[in-house]
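Trainee: Pasting a structure below so you can have a look.
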Amino acid sequence: MHPEEAVRQLEYAIDASLDETGQRTAAGYRPTFERVADHADGSAVYALAGKLADEVVGGDRPTPAEANETAERVLDDRAYTDGGA
């Protein structure tokens, strides 16, 4: 999955809702997805999208900073399970 596709899917999941500061939440995730794509592969981007989508389905709207924290966990998990490939 490419970063822009992941962001688009989350925009659909969030329904392009605005956060409390009037910003479109999912669009702020793009740099996070791009960073994950640079450090891993499409499956890591997909894993991040899945984790963020789960939070959205659960009623949360992760901030970009929270998305970064989730991305770090995804990247750390990959480093331990497959050598970071």
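Trainee: Heavy atoms of the protein only, probe of 1.4 Å, neighbouring chains included. What is the accessible area of Arg78 in Å², nearest 10?
Mentor: 40 Å²
Trainee: Then there is this: Report the extension gain between Ala27 and Glu4 in nm, rounded to one decimal, defined as 0.36 nm multiplied by the number of residues separating them, less their alpha carbon distance. Display every interim value, and only then the final one.
Mentor: On the way: separation 23, 0.36 × 23 = 8.28 nm, distance 0.93 nm.
That works out to 7.4 nm of additional length.
Trainee: For Glu34, what accessible area in Å² do you get when you roll a 1.4 Å probe over the heavy atoms of the protein chains, rounding to the nearest 10?
Mentor: 80 Å²
Trainee: Sticking with this one: Determine the order of Tyr29, Tyr46 by accessible area, beginning with the largest, at a probe radius of 1.4 Å.
Mentor: From most accessible down to least: Tyr46, Tyr29.
The values are calculated or read from the model by the stated rules, or taken from the named source; none is laboratory data. Only a predicted model underlies this, so the values are computations on that prediction, with no experimental measurement involved. What goes into the accessible areas is simple: the full protein's heavy atoms, side chains included, and nothing from ligands, DNA or RNA. Shrake-Rupley method; radii C 1.70, N 1.55, O 1.52, S 1.80 Å.
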